[in-house]
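Structure, as structure tokens:
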Amino acid sequence: MSEQAIPILRVTDAQAAVRWYQRLGFTQVWEHRFEPGLPAFVEITRGPVSLFLSEHTGDARPDTLVYLRVRDVDTIATEFGTTVEEAPWAREIELQDPDGNRLRIGTPIP
């Protein structure tokens, strides 16, 4: 196992958030609840990238910004109906998930 940092994003409905992140190419790995009806804690992955989605109050703040470096930002931009912007370091888009977490997604410029 390699070491990694995994951002935790606050969500109000984990399953709705998982469906939204699936549009970005993420897959749910597991979900944990201490008991039925209690808040969910979910891991999603896209290749080597992992995110934790938490319904637990206090785990993370809304309006978090996560940067995702991807091979093809254009495909994601098309999926979400947004325009790719040119920055000196990457071609980028910025999206907001259903809970207000911000994702800046870019393909580096060679």
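The values are calculated or read from the model by the stated rules, or taken from the named source; none is laboratory data. Since the model is a prediction, treat every value here as computed from it, not as a measurement. Every residue, glycine among them, receives a Cβ derived from its backbone with ideal geometry; neighbour counts consider all protein chains shown. These accessible areas exclude ligands, DNA and RNA; they are computed on the full protein's heavy atoms, side chains included. Shrake-Rupley method; radii C 1.70, N 1.55, O 1.52, S 1.80 Å.
Treating only the Cβ atoms of Lys and Arg (+1) and Asp and Glu (-1) as charged, compute the dipole magnitude of the chain about its Cα centre; round to the nearest 20 debye.
Using Cβ point charges on Lys, Arg, Asp and Glu, the chain gives about 120 debye.
For Phe80 and Asp59 in one chain, what is 0.36 nm times their gap in residues minus the Cα-Cα distance, to one decimal in nm? If you can, show how the numbers build up before the last one.
Numbers: separation 21, 0.36 × 21 = 7.56 nm, distance 2.75 nm.
Extra length from Phe80 to Asp59 when fully extended: 4.8 nm.
Looking only at Gly47, Gly37, Gly100, which one moves most when the chain is put into a Gaussian network model with springs between Cα atoms under 10 Å?
Of the options given, Gly37 has the highest mean-square fluctuation.
In the chain, what percent of the accessible surface is made up of carbon and sulfur (1.4 Å probe, ligands and nucleic acids excluded)? Mind showing how you got there, number by number?
Values: 3460 of 6760 Å².
The computed percentage sits at 51.
Return the calculated 222 nm mean residue ellipticity for the chain, to the nearest 500 deg cm²/dmol, obtained by summing -39500 (n - 2.57) across DSSP H runs with n ≥ 4 and dividing by the residue count.
On the way: 2 runs with 17 residues, N = 110.
Using -39500 (n - 2.57) per qualifying helix, the result is -4500 deg cm²/dmol.
Over the chain, with the other protein chains present, what is the accessible area per residue in square angstrom, probe 1.4 angstrom?
On the way: 6760 Å² over 110 residues.
Each residue of the chain exposes 61 Å² on average to a 1.4 Å probe.
Between Arg19, Arg46, Arg71, find the one with the highest GNM mean-square fluctuation for the chain; connect C-alpha pairs within less than 10 Å.
Arg71
With r defined as the distance between the Cβ atoms of Ile109 and Ile6 and R0 fixed at 30 Å, what FRET efficiency is calculated, to the nearest 0.05? Let's see the in-between values first.
Values: r = 27 Å, r/R0 = 0.90.
My answer for the efficiency is 0.65.
Only Cα pairs under 8 Å and at least 6 apart count here; give the relative contact order of the chain as a rounded whole percent.
Values: 202 pairs, mean separation 28.7, N = 110.
The normalised contact order for the chain reaches 26 percent.
Using the C-alpha atoms of segment 62-109, what convex hull volume per residue, in cubic angstrom, is computed?
Details: hull volume 3.1 nm³, N = 48.
Dividing the Cα hull volume of segment 62-109 by its residues yields 64 Å³.
By how many nm would the segment from Asp13 to Arg69 lengthen if fully extended, with 0.36 nm per residue of separation less the alpha-carbon distance?
Working: separation 56, 0.36 × 56 = 20.16 nm, distance 2.55 nm.
Going from the current span to full extension adds 17.6 nm.
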